[in-house]
Amino acid sequence: MNIWIVNHYAVSPKQAGGTRHFSFAKALTKRGHDVTLFLSRSQSAGENGSGKPWSIEFVDGVRLISLRTPSYWGNSSGRIKNMLVFAGRFWSGRCFEGLATPDVILGSSPHPFAALAAERVAVRFEVPFVLEVRDLWPLSLIEVAKVSPRHPLPKLLGVIEKYLYRRATRIVSLPEHAARHMVEKGANPEKIVWISNGVDLSYIPDPPPAKPNGRFTVMYAGAHGIANSLDSILNAALVLQSQHPGHDLWFRFLGEGTQKERLKRRVEQEGIRNVSFEPALPKAQIYDKLLEADLFVAPAQNLPLYDFGISFNKLFDYMAAARPIVFGAPFSNAAVEAGAAIAVNGDSPEELAGAILKMRQMPVAQRWEMGQRGRQHVETHYSFELLSTKLERTLTESITKFHLLNSIERAYVSQ
(Lines give C-alpha, C1' and ligand atoms only; values in the text may rest on other atoms or scores of the structure.)
Protein backbone atom coordinates (compact mmCIF):
# COMPACT_ATOMS: atom_id res chain seq x y z
CA MET A 1 0.00 0.00 0.00
CA ASN A 2 0.97 3.60 -0.59
CA ILE A 3 -0.19 5.19 2.66
CA TRP A 4 -0.39 8.89 3.46
CA ILE A 5 -0.77 9.91 7.12
CA VAL A 6 -1.67 13.52 7.94
CA ASN A 7 -1.06 14.75 11.48
CA HIS A 8 -0.23 18.39 12.11
CA TYR A 9 1.58 17.65 15.39
CA ALA A 10 3.40 14.44 14.46
CA VAL A 11 7.12 14.33 15.25
CA SER A 12 10.05 12.01 14.68
CA PRO A 13 12.04 10.48 17.58
CA LYS A 14 14.58 13.29 17.09
CA GLN A 15 12.02 15.70 18.58
CA ALA A 16 10.00 15.95 21.77
CA GLY A 17 6.35 15.02 21.49
CA GLY A 18 4.05 12.19 20.50
CA THR A 19 5.58 9.75 18.00
CA ARG A 20 2.49 7.57 17.48
CA HIS A 21 2.30 8.10 13.73
CA PHE A 22 6.03 7.87 13.19
CA SER A 23 6.02 4.54 15.03
CA PHE A 24 3.12 3.32 12.91
CA ALA A 25 4.85 4.53 9.74
CA LYS A 26 8.12 2.81 10.71
CA ALA A 27 6.36 -0.49 11.44
CA LEU A 28 4.34 -0.35 8.21
CA THR A 29 7.44 0.57 6.17
CA LYS A 30 9.22 -2.52 7.53
CA ARG A 31 6.30 -4.58 6.23
CA GLY A 32 6.88 -3.33 2.71
CA HIS A 33 4.42 -0.42 2.55
CA ASP A 34 5.33 3.03 1.23
CA VAL A 35 4.41 5.49 3.97
CA THR A 36 4.49 9.28 3.87
CA LEU A 37 3.87 11.27 7.04
CA PHE A 38 2.77 14.90 6.61
CA LEU A 39 3.48 17.13 9.61
CA SER A 40 4.07 20.76 10.57
CA ARG A 41 7.28 22.74 10.91
CA SER A 42 6.71 26.09 12.56
CA GLN A 43 8.51 28.95 10.90
CA SER A 44 11.46 30.11 12.99
CA ALA A 45 12.02 33.75 13.99
CA GLY A 46 14.29 34.95 11.15
CA GLU A 47 12.98 32.69 8.45
CA ASN A 48 12.04 34.78 5.44
CA GLY A 49 9.75 32.27 3.78
CA SER A 50 11.90 31.88 0.66
CA GLY A 51 12.03 28.57 -1.19
CA LYS A 52 9.51 25.76 -0.97
CA PRO A 53 7.03 25.93 1.91
CA TRP A 54 7.77 22.28 2.68
CA SER A 55 10.77 20.02 3.19
CA ILE A 56 11.37 16.28 2.85
CA GLU A 57 13.55 13.95 4.89
CA PHE A 58 13.75 10.21 5.52
CA VAL A 59 14.04 8.82 9.04
CA ASP A 60 14.22 5.02 9.51
CA GLY A 61 12.83 4.60 6.00
CA VAL A 62 9.83 6.85 6.64
CA ARG A 63 9.26 9.81 4.33
CA LEU A 64 8.50 12.92 6.37
CA ILE A 65 7.10 15.97 4.60
CA SER A 66 7.16 19.00 6.90
CA LEU A 67 4.89 21.88 5.92
CA ARG A 68 6.09 25.30 7.03
CA THR A 69 3.57 27.06 9.25
CA PRO A 70 3.68 30.36 11.17
CA SER A 71 4.98 30.24 14.72
CA TYR A 72 2.69 30.97 17.68
CA TRP A 73 2.60 30.70 21.44
CA GLY A 74 -0.23 29.56 23.65
CA ASN A 75 -3.88 29.34 22.71
CA SER A 76 -3.93 32.62 20.82
CA SER A 77 -5.37 33.46 17.42
CA GLY A 78 -1.90 32.59 16.12
CA ARG A 79 -2.59 28.95 16.90
CA ILE A 80 -5.74 28.97 14.77
CA LYS A 81 -3.75 30.60 11.96
CA ASN A 82 -1.09 27.90 12.31
CA MET A 83 -3.76 25.18 12.02
CA LEU A 84 -5.37 26.76 8.97
CA VAL A 85 -2.07 27.30 7.18
CA PHE A 86 -1.12 23.64 7.68
CA ALA A 87 -4.51 22.44 6.41
CA GLY A 88 -4.40 24.88 3.48
CA ARG A 89 -0.91 23.87 2.41
CA PHE A 90 -1.81 20.19 2.44
CA TRP A 91 -5.12 20.83 0.68
CA SER A 92 -3.38 22.83 -2.08
CA GLY A 93 -1.39 19.75 -3.08
CA ARG A 94 1.84 21.52 -3.94
CA CYS A 95 3.72 19.36 -1.43
CA PHE A 96 2.71 16.22 -3.38
CA GLU A 97 5.32 17.00 -6.03
CA GLY A 98 7.04 13.79 -7.11
CA LEU A 99 4.85 11.50 -5.00
CA ALA A 100 2.94 8.51 -6.34
CA THR A 101 -0.84 8.53 -5.94
CA PRO A 102 -1.80 7.16 -2.51
CA ASP A 103 -3.96 4.09 -2.01
CA VAL A 104 -5.42 5.44 1.24
CA ILE A 105 -5.17 8.63 3.31
CA LEU A 106 -5.43 8.70 7.09
CA GLY A 107 -6.24 12.12 8.55
CA SER A 108 -5.72 12.55 12.29
CA SER A 109 -7.62 15.10 14.33
CA PRO A 110 -5.49 16.76 16.91
CA HIS A 111 -7.60 19.46 15.24
CA PRO A 112 -10.34 18.86 12.63
CA PHE A 113 -9.00 21.24 9.95
CA ALA A 114 -6.13 18.88 9.07
CA ALA A 115 -8.51 15.90 8.92
CA LEU A 116 -10.88 17.90 6.71
CA ALA A 117 -8.01 18.72 4.33
CA ALA A 118 -7.08 15.03 4.24
CA GLU A 119 -10.66 14.09 3.37
CA ARG A 120 -10.79 16.64 0.54
CA VAL A 121 -7.51 15.36 -0.91
CA ALA A 122 -8.78 11.77 -0.70
CA VAL A 123 -11.80 12.82 -2.77
CA ARG A 124 -9.47 14.44 -5.31
CA PHE A 125 -7.46 11.22 -5.70
CA GLU A 126 -10.57 9.00 -5.47
CA VAL A 127 -9.11 6.94 -2.62
CA PRO A 128 -10.54 6.01 0.80
CA PHE A 129 -10.28 8.43 3.69
CA VAL A 130 -9.71 7.05 7.19
CA LEU A 131 -10.43 9.42 10.05
CA GLU A 132 -8.43 9.10 13.26
CA VAL A 133 -10.09 10.72 16.27
CA ARG A 134 -7.55 11.68 18.90
CA ASP A 135 -9.63 14.31 20.68
CA LEU A 136 -13.39 14.72 20.50
CA TRP A 137 -13.90 18.09 18.85
CA PRO A 138 -15.59 20.37 19.75
CA LEU A 139 -16.30 18.61 23.07
CA SER A 140 -12.65 18.89 24.18
CA LEU A 141 -12.62 22.61 23.45
CA ILE A 142 -15.81 23.12 25.47
CA GLU A 143 -14.87 20.99 28.49
CA VAL A 144 -11.10 21.51 28.72
CA ALA A 145 -10.68 25.09 27.46
CA LYS A 146 -14.10 26.18 28.81
CA VAL A 147 -15.15 27.75 25.50
CA SER A 148 -18.88 28.42 25.33
CA PRO A 149 -20.76 25.97 23.07
CA ARG A 150 -22.48 29.05 21.62
CA HIS A 151 -19.15 30.44 20.39
CA PRO A 152 -18.79 30.30 16.57
CA LEU A 153 -15.66 28.11 16.73
CA PRO A 154 -17.25 25.12 18.52
CA LYS A 155 -20.24 25.43 16.22
CA LEU A 156 -17.99 25.30 13.15
CA LEU A 157 -16.00 22.38 14.55
CA GLY A 158 -19.26 20.55 15.29
CA VAL A 159 -20.29 20.84 11.65
CA ILE A 160 -16.89 19.54 10.51
CA GLU A 161 -17.03 16.69 13.06
CA LYS A 162 -20.36 15.40 11.75
CA TYR A 163 -19.22 15.78 8.14
CA LEU A 164 -16.05 13.76 8.73
CA TYR A 165 -17.93 10.99 10.53
CA ARG A 166 -20.22 10.63 7.52
CA ARG A 167 -17.47 10.80 4.91
CA ALA A 168 -14.88 8.48 6.44
CA THR A 169 -14.62 4.93 5.11
CA ARG A 170 -13.31 3.90 8.53
CA ILE A 171 -12.96 5.76 11.84
CA VAL A 172 -10.06 5.00 14.18
CA SER A 173 -10.76 6.05 17.76
CA LEU A 174 -8.08 6.48 20.42
CA PRO A 175 -10.52 6.78 23.36
CA GLU A 176 -11.85 3.27 23.93
CA HIS A 177 -15.49 4.19 24.49
CA ALA A 178 -15.87 7.17 22.15
CA ALA A 179 -18.00 5.23 19.67
CA ARG A 180 -21.19 6.12 21.49
CA HIS A 181 -20.41 9.83 21.16
CA MET A 182 -19.63 9.41 17.46
CA VAL A 183 -22.82 7.47 16.84
CA GLU A 184 -24.83 10.24 18.54
CA LYS A 185 -23.24 12.63 16.02
CA GLY A 186 -24.22 10.50 13.03
CA ALA A 187 -21.34 8.01 12.65
CA ASN A 188 -22.07 4.49 11.46
CA PRO A 189 -20.98 2.20 14.34
CA GLU A 190 -19.76 -0.41 11.84
CA LYS A 191 -17.07 2.02 10.66
CA ILE A 192 -15.48 2.52 14.07
CA VAL A 193 -12.41 0.66 15.29
CA TRP A 194 -10.48 1.28 18.51
CA ILE A 195 -6.70 1.54 18.16
CA SER A 196 -5.19 2.85 21.37
CA ASN A 197 -2.06 4.83 21.92
CA GLY A 198 0.95 2.68 22.65
CA VAL A 199 4.72 2.57 22.94
CA ASP A 200 7.71 1.65 20.78
CA LEU A 201 9.45 -0.84 23.05
CA SER A 202 12.64 -0.79 20.97
CA TYR A 203 13.58 2.42 22.80
CA ILE A 204 13.46 0.73 26.19
CA PRO A 205 13.96 -3.03 25.72
CA ASP A 206 14.64 -4.14 29.30
CA PRO A 207 14.14 -1.53 32.04
CA PRO A 208 16.06 -2.15 35.29
CA PRO A 209 14.66 -1.53 38.78
CA ALA A 210 14.97 1.95 40.25
CA LYS A 211 18.34 2.69 41.85
CA PRO A 212 18.39 4.17 45.38
CA ASN A 213 20.07 7.58 45.25
CA GLY A 214 19.20 9.18 48.58
CA ARG A 215 15.88 10.65 47.52
CA PHE A 216 12.54 9.33 46.30
CA THR A 217 11.87 10.78 42.84
CA VAL A 218 8.27 11.50 41.83
CA MET A 219 8.23 12.38 38.13
CA TYR A 220 5.85 13.94 35.65
CA ALA A 221 6.98 13.84 32.01
CA GLY A 222 4.69 15.35 29.40
CA ALA A 223 3.03 18.53 28.20
CA HIS A 224 2.64 21.46 30.58
CA GLY A 225 -0.73 22.75 29.38
CA ILE A 226 -4.12 23.66 30.79
CA ALA A 227 -5.47 20.16 30.22
CA ASN A 228 -2.66 18.53 32.22
CA SER A 229 -3.79 19.83 35.62
CA LEU A 230 -0.24 20.17 36.95
CA ASP A 231 -1.25 22.48 39.79
CA SER A 232 -2.57 19.38 41.52
CA ILE A 233 0.98 17.98 41.72
CA LEU A 234 2.28 21.23 43.18
CA ASN A 235 -0.58 21.24 45.69
CA ALA A 236 0.39 17.74 46.78
CA ALA A 237 4.08 18.70 46.96
CA LEU A 238 3.19 21.63 49.20
CA VAL A 239 1.15 19.39 51.50
CA LEU A 240 3.99 16.88 51.78
CA GLN A 241 6.57 19.62 52.37
CA SER A 242 4.42 21.08 55.14
CA GLN A 243 3.22 17.91 56.84
CA HIS A 244 6.25 15.66 56.31
CA PRO A 245 9.28 17.96 56.14
CA GLY A 246 11.70 15.16 56.91
CA HIS A 247 10.78 13.02 53.92
CA ASP A 248 13.13 12.70 50.94
CA LEU A 249 10.45 13.25 48.26
CA TRP A 250 11.51 15.15 45.15
CA PHE A 251 9.16 16.17 42.32
CA ARG A 252 10.63 16.45 38.82
CA PHE A 253 8.68 17.99 35.94
CA LEU A 254 9.96 17.18 32.42
CA GLY A 255 8.45 18.90 29.41
CA GLU A 256 7.27 22.18 27.93
CA GLY A 257 4.00 24.00 27.50
CA THR A 258 2.05 27.20 27.99
CA GLN A 259 1.74 26.72 31.77
CA LYS A 260 5.38 25.98 32.56
CA GLU A 261 6.51 29.52 33.37
CA ARG A 262 3.43 30.14 35.51
CA LEU A 263 4.09 26.91 37.42
CA LYS A 264 7.72 27.89 37.98
CA ARG A 265 6.62 31.28 39.31
CA ARG A 266 4.20 29.57 41.67
CA VAL A 267 6.97 27.35 43.04
CA GLU A 268 9.11 30.39 43.70
CA GLN A 269 6.35 32.53 45.19
CA GLU A 270 5.02 29.81 47.50
CA GLY A 271 8.41 28.50 48.56
CA ILE A 272 7.86 24.95 47.33
CA ARG A 273 11.36 23.59 47.81
CA ASN A 274 10.97 19.96 46.69
CA VAL A 275 10.32 20.65 42.98
CA SER A 276 12.47 21.04 39.86
CA PHE A 277 11.64 21.73 36.21
CA GLU A 278 13.54 20.29 33.26
CA PRO A 279 13.26 20.69 29.48
CA ALA A 280 11.46 18.34 27.13
CA LEU A 281 13.57 15.65 25.48
CA PRO A 282 13.27 13.82 22.14
CA LYS A 283 11.53 10.47 22.32
CA ALA A 284 14.81 8.69 21.58
CA GLN A 285 16.30 10.19 24.76
CA ILE A 286 13.38 10.47 27.17
CA TYR A 287 13.41 6.87 28.41
CA ASP A 288 16.82 7.20 30.07
CA LYS A 289 15.32 10.03 32.14
CA LEU A 290 12.17 8.07 32.93
CA LEU A 291 14.30 5.33 34.44
CA GLU A 292 15.50 7.83 37.06
CA ALA A 293 11.98 7.90 38.57
CA ASP A 294 10.77 5.88 41.52
CA LEU A 295 7.16 6.85 40.90
CA PHE A 296 5.22 8.59 38.14
CA VAL A 297 2.26 10.86 38.72
CA ALA A 298 -0.27 11.59 35.97
CA PRO A 299 -3.02 14.06 36.86
CA ALA A 300 -6.05 14.80 34.71
CA GLN A 301 -9.01 17.10 34.98
CA ASN A 302 -12.13 15.48 36.39
CA LEU A 303 -14.26 15.89 33.25
CA PRO A 304 -17.19 13.95 31.76
CA LEU A 305 -15.08 13.90 28.57
CA TYR A 306 -12.92 11.15 30.06
CA ASP A 307 -15.91 8.85 30.47
CA PHE A 308 -15.20 8.02 26.82
CA GLY A 309 -11.77 6.68 27.72
CA ILE A 310 -8.23 7.86 28.49
CA SER A 311 -5.33 7.13 26.15
CA PHE A 312 -2.57 9.49 27.25
CA ASN A 313 0.81 8.93 25.57
CA LYS A 314 2.59 9.40 28.86
CA LEU A 315 0.82 6.50 30.58
CA PHE A 316 2.20 3.99 28.09
CA ASP A 317 5.69 5.47 28.38
CA TYR A 318 5.45 5.23 32.17
CA MET A 319 4.37 1.60 32.02
CA ALA A 320 7.16 0.79 29.55
CA ALA A 321 9.64 2.13 32.12
CA ALA A 322 8.32 -0.38 34.68
CA ARG A 323 7.58 2.12 37.42
CA PRO A 324 4.35 2.43 39.46
CA ILE A 325 1.96 5.30 38.77
CA VAL A 326 -0.38 7.49 40.79
CA PHE A 327 -3.16 8.62 38.47
CA GLY A 328 -4.70 11.84 39.72
CA ALA A 329 -8.27 11.42 38.51
CA PRO A 330 -11.04 8.95 39.39
CA PHE A 331 -11.06 7.24 35.98
CA SER A 332 -10.01 3.80 34.86
CA ASN A 333 -7.29 3.43 32.24
CA ALA A 334 -4.82 0.86 30.96
CA ALA A 335 -2.37 1.44 33.83
CA VAL A 336 -5.05 1.07 36.51
CA GLU A 337 -6.50 -2.02 34.82
CA ALA A 338 -3.04 -3.59 34.69
CA GLY A 339 -2.49 -3.08 38.41
CA ALA A 340 0.39 -0.70 37.68
CA ALA A 341 -1.36 2.41 38.99
CA ILE A 342 -3.74 3.60 41.64
CA ALA A 343 -6.35 6.24 40.81
CA VAL A 344 -7.20 8.99 43.30
CA ASN A 345 -9.00 12.30 43.26
CA GLY A 346 -6.39 14.76 42.04
CA ASP A 347 -8.60 17.69 43.02
CA SER A 348 -7.86 16.82 46.64
CA PRO A 349 -4.23 17.75 47.51
CA GLU A 350 -4.42 15.65 50.67
CA GLU A 351 -5.64 12.55 48.81
CA LEU A 352 -3.01 12.88 46.08
CA ALA A 353 -0.29 13.55 48.66
CA GLY A 354 -1.47 10.58 50.71
CA ALA A 355 -1.26 8.27 47.69
CA ILE A 356 2.28 9.45 46.91
CA LEU A 357 3.36 8.98 50.52
CA LYS A 358 1.78 5.52 50.59
CA MET A 359 3.80 4.56 47.51
CA ARG A 360 6.95 5.94 49.12
CA GLN A 361 6.39 3.76 52.18
CA MET A 362 5.65 0.66 50.09
CA PRO A 363 8.45 -1.95 50.03
CA VAL A 364 10.75 -1.60 47.02
CA ALA A 365 9.91 -5.11 45.84
CA GLN A 366 6.20 -4.32 45.84
CA ARG A 367 6.71 -1.14 43.79
CA TRP A 368 8.84 -3.11 41.34
CA GLU A 369 6.08 -5.70 41.07
CA MET A 370 3.59 -2.96 40.16
CA GLY A 371 6.00 -1.60 37.58
CA GLN A 372 6.51 -5.05 36.09
CA ARG A 373 2.76 -5.52 35.74
CA GLY A 374 2.61 -2.32 33.72
CA ARG A 375 5.52 -3.36 31.54
CA GLN A 376 4.01 -6.77 30.83
CA HIS A 377 0.69 -5.14 30.02
CA VAL A 378 2.14 -2.87 27.32
CA GLU A 379 4.21 -5.73 25.91
CA THR A 380 1.06 -7.83 25.58
CA HIS A 381 -1.43 -5.22 24.41
CA TYR A 382 0.07 -1.83 23.56
CA SER A 383 3.32 -2.15 21.63
CA PHE A 384 3.25 -0.35 18.29
CA GLU A 385 4.31 -3.58 16.60
CA LEU A 386 1.00 -5.10 17.72
CA LEU A 387 -1.10 -1.99 17.15
CA SER A 388 0.32 -1.49 13.65
CA THR A 389 -1.08 -4.91 12.67
CA LYS A 390 -4.54 -3.66 13.59
CA LEU A 391 -3.99 -0.42 11.67
CA GLU A 392 -2.68 -2.29 8.64
CA ARG A 393 -5.80 -4.45 8.61
CA THR A 394 -8.03 -1.40 9.00
CA LEU A 395 -6.38 0.38 6.06
CA THR A 396 -6.55 -2.73 3.86
CA GLU A 397 -10.23 -3.22 4.67
CA SER A 398 -10.88 0.46 3.93
CA ILE A 399 -9.41 0.13 0.44
CA THR A 400 -11.43 -3.02 -0.26
CA LYS A 401 -14.67 -1.51 1.01
CA PHE A 402 -14.16 1.78 -0.82
CA HIS A 403 -13.60 0.17 -4.20
CA LEU A 404 -16.41 -2.34 -3.69
CA LEU A 405 -18.89 0.46 -2.94
CA ASN A 406 -17.63 2.42 -5.93
CA SER A 407 -18.12 -0.61 -8.18
CA ILE A 408 -21.66 -1.12 -6.92
CA GLU A 409 -22.42 2.58 -7.41
CA ARG A 410 -21.07 2.55 -10.98
CA ALA A 411 -23.05 -0.58 -11.80
CA TYR A 412 -26.24 1.00 -10.41
CA VAL A 413 -25.73 4.21 -12.38
CA SER A 414 -25.08 2.33 -15.62
CA GLN A 415 -28.39 0.44 -15.39
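Values computed for the structure shown
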{"quantity": "Any pair with Cβ under 8 angstrom, 6 or more apart, that starts in region 68-95 at a residue that is more than 24 Å from Trp4 (Cβ to Cβ) and ends at one that is among the β-branched types (Val, Ile, Thr) and not in a helix (DSSP H, G or I)", "calculated": "Trp73/Thr258; Gly74/Thr258; Asn75/Thr258"}
{"quantity": "Test: residue in region 347-359 that is within 14 Å of Phe296 (Cα to Cα), surrounded by fewer than 17 Cβ atoms within 10 Å (Cβ to Cβ) and of a type outside the set (Ser, Thr, Tyr)", "calculated": "yes"}
{"quantity": "Which numbered condition His377 misses (of (1) surrounded by 15 or more Cβ atoms within 10 Å (Cβ to Cβ); (2) at pLDDT below 85; (3) of a type outside the set (Asp, Glu))", "calculated": "(2)"}
{"quantity": "Residues of region 278-321 satisfying the condition of being outside any strand (DSSP E or B) and of a type in the set (Gly, Ala, Ser)", "calculated": "Ala280, Ala284, Ala293, Ala300, Gly309, Ser311, Ala320, Ala321"}
{"quantity": "Enumeration of residues in region 380-398 that are surrounded by fewer than 19 Cβ atoms within 10 Å (Cβ to Cβ) and either farther than 16 Å from Ile3 by Cα or not polar (S, T, N, Q) (or both)", "calculated": "Thr380, His381, Glu385, Leu386, Lys390, Glu392, Arg393, Glu397"}
{"quantity": "Any hit, region 347-362, residues being of a type in the set (Gly, Ala, Ser), within 24 Å of the chain's Cα centre (by Cα) and assigned by TED's automatic domain parsing to the domain that holds Ala210", "calculated": "no"}
{"quantity": "Test: Val104 is more than 24 Å from Ser23 (Cβ to Cβ), modelled with pLDDT of 85 or more, β-branched (Val, Ile, Thr) and buried (at least 17 other Cβ atoms within 10 Å of the Cβ)", "calculated": "no"}
{"quantity": "Flag for Val275 being β-branched (Val, Ile, Thr) and out of contact with any Gly (no Cβ under 9 Å at 6 or more places or on another chain)", "calculated": "yes"}
{"quantity": "Unique residue being in the same structural domain as Leu405 (by TED's automatic domain parsing), of a type in the set (A, V, I, L, M, F, W, C) and more than 30 Å from Asn302 (Cα to Cα) when the list is Ala145, Ala122", "calculated": "Ala122"}
{"quantity": "Residue within region 201-211 that is among the small types (Gly, Ala, Ser), under 30 Å from Glu292 (Cα atoms), in contact (Cβ under 8 Å) with a residue 40 or more places away in the chain and in contact with an Asp or Glu (Cβ under 7 Å, 6 or more places away or on another chain) present", "calculated": "yes"}
{"quantity": "Residue pairs meeting the criteria (Cβ under 6 Å; at least 6 apart or on separate chains; first small (Gly, Ala, Ser), in region 359-371; second assigned to a helix (DSSP H, G or I))", "calculated": "none"}
{"quantity": "Some residue of region 302-320 being over 25 Å from Lys283 (Cβ atoms) and of a type in the set (D, E, K, R)", "calculated": "yes"}
{"quantity": "Every residue from region 249-274 that is surrounded by fewer than 20 Cβ atoms within 10 Å (Cβ to Cβ), in contact (Cβ under 8 Å) with a residue 40 or more places away in the chain and under 24 Å from Ala343 (Cα atoms)", "calculated": "Arg252"}
{"quantity": "Residue within region 174-186 that is part of a loop (DSSP other than H, G, I, E, B) and over 19 Å from the mean Cα position of the chain (by Cα) present", "calculated": "yes"}
{"quantity": "Residue match in region 319-326 (condition: buried (at least 22 other Cβ atoms within 10 Å of the Cβ) and over 24 Å from the mean Cα position of the chain (by Cα))", "calculated": "no"}
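The values are calculated or read from the model by the stated rules, or taken from the named source; none is laboratory data. Keep in mind that this is a model prediction, so the values were computed, not measured. Note that we place each Cβ from the backbone using ideal geometry, even for glycine, and neighbour counts take in every protein chain shown.
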